[in-house]
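Quick notes on the structure that follows.
The values are calculated or read from the model by the stated rules, or taken from the named source; none is laboratory data. As the structure is a prediction and not an experimental result, all values here were calculated from the model. Positions of Cβ are backbone-derived with ideal geometry, glycine not excepted, and every protein chain shown enters the neighbour counts. Side chains are part of the model used for accessible areas, which takes the heavy atoms of the whole protein and leaves out ligands, DNA and RNA. Shrake-Rupley method; radii C 1.70, N 1.55, O 1.52, S 1.80 Å.
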Amino acid sequence: KRGVVRKNLYNASTLDHVPTRKAVAATAPAGLEYRTLTYVPLKLMIFGRGLALVGRQHHPGDRAALVVRDASLINIFTHLFNVGWELASPYPWQEDDGGEPGLSSIQAAVLQGMAAGYSDEVISRRLNISVRTCRRHIAWMLDELGADSRFQAALKARDRGWV
């Protein structure tokens, strides 16, 4: 309403992260925009022309940020972000597909394993994910499809065009 634009640029790996996908699906209708790049070189938040936060990233767990108030630096960061934005791909359900999210590559592989009759342990080993992560994906699919069993999920997934 106030003319604020929020654009979010994520690593493409977030397409396989269920909580992020749910958050994007929940907030995109409010006007937030999302795109992905294979690699996002720095963590950056720009608040207008007077303030930016830049992730320090000394090591993988570093959560500290640098506060930038220099207008010239913020201008450079804005241009860098805009270049990344233009090169990035939209999140799949932000395209004109009716707004329903599809499956991530991991979820599709889990579903294929389920359809082949593999156990959770076999699926997780083949995909190099933990059994718990595999089960979370299965639970999400059962919930999303409104299915009570794996068999029912497979039928509903087929009807949706997921398999």
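Which residue, ALA28, ALA71, ALA108, has the most motion in a Gaussian network model of the chain that connects Cα atoms within less than 10 Å?
Looking only at ALA28, ALA71, ALA108, the biggest GNM fluctuation is shown by ALA71.
Among ALA147, ALA64, ALA109, which one moves the most in a GNM of the chain with springs linking Cα atoms closer than 10 Å?
Ranking ALA147, ALA64, ALA109 by mean-square fluctuation puts ALA64 first.
Which one of HIS58, HIS17, HIS79 has the biggest mean-square fluctuation once the chain is modelled by GNM with Cα springs under 10 Å?
HIS58
Apply the Karplus curve 6.51 cos²θ - 1.76 cosθ + 1.60, θ = phi - 60°, to the phi angles in segment 9-14 and return the couplings in whole Hz, x for Gly and Pro.
10, 10, 5, 4, 4, 5
Can you compute 3J(HN,Hα) from phi for each residue in segment 138-144, using the Karplus curve 6.51 cos²θ - 1.76 cosθ + 1.60 with θ = phi - 60°, rounded to whole Hz and x for Gly and Pro?
Once θ is set to phi - 60°, the couplings for segment 138-144 become 5, 4, 4, 5, 4, 5, 4 Hz.
Say R0 is 30 Å: what FRET efficiency, to the nearest 0.05, do HIS17 and ARG158 get from their beta-carbon distance?
Once the sixth-power term is evaluated, E becomes 0.75.
Would you work out which of LEU15, ALA28, VAL5 lies farthest towards the positive end of the dipole of segment 1-52? Charges go on Cβ: Lys and Arg +1, Asp and Glu -1.
It is VAL5.
Where does each of LEU42, LEU111 land when they are ordered by accessible area, with a 1.4 Å probe and the largest first?
Sorted by accessible area, descending: LEU42, LEU111.
Quick one: pull the percent of accessible area on the chain belonging to carbon and sulfur, 1.4 Å probe, ligands and nucleic acids left out.
Solvent-exposed carbon and sulfur of the chain make up 54 percent of the total.
For the chain, find the longest principal axis of its Cα atoms and tell me its angle to the long axis of helix 18-27, 0 to 90°, nearest 10.
Its long axis makes an angle of about 60 degrees.
Quick check: the angle from helix 105-115's long axis to the longest principal axis of the chain, C-alpha only, nearest 10 degrees?
Here the helix axis deviates by roughly 10 degrees.
Give the long-range amide H neighbours of ASN8: residues separated by 5 or more places, or on another chain, with amide H under 5 Å away, using H modelled in the peptide plane at 1.01 Å from N.
GLU33, TYR34, ARG35
Test of understanding: what is the full-extension gain from LEU73 to GLU86, defined as 0.36 nm times their sequence separation minus their Cα-Cα distance?
Value of the extension gain: 2.7 nm.
Could you tell me which label, among (i) -0.84; (ii) -0.56; (iii) -0.68, carries the value of log10 I(q)/I(0) by the Debye sum over Cα atoms at q = 0.12 Å⁻¹ calculated for this structure?
(iii)
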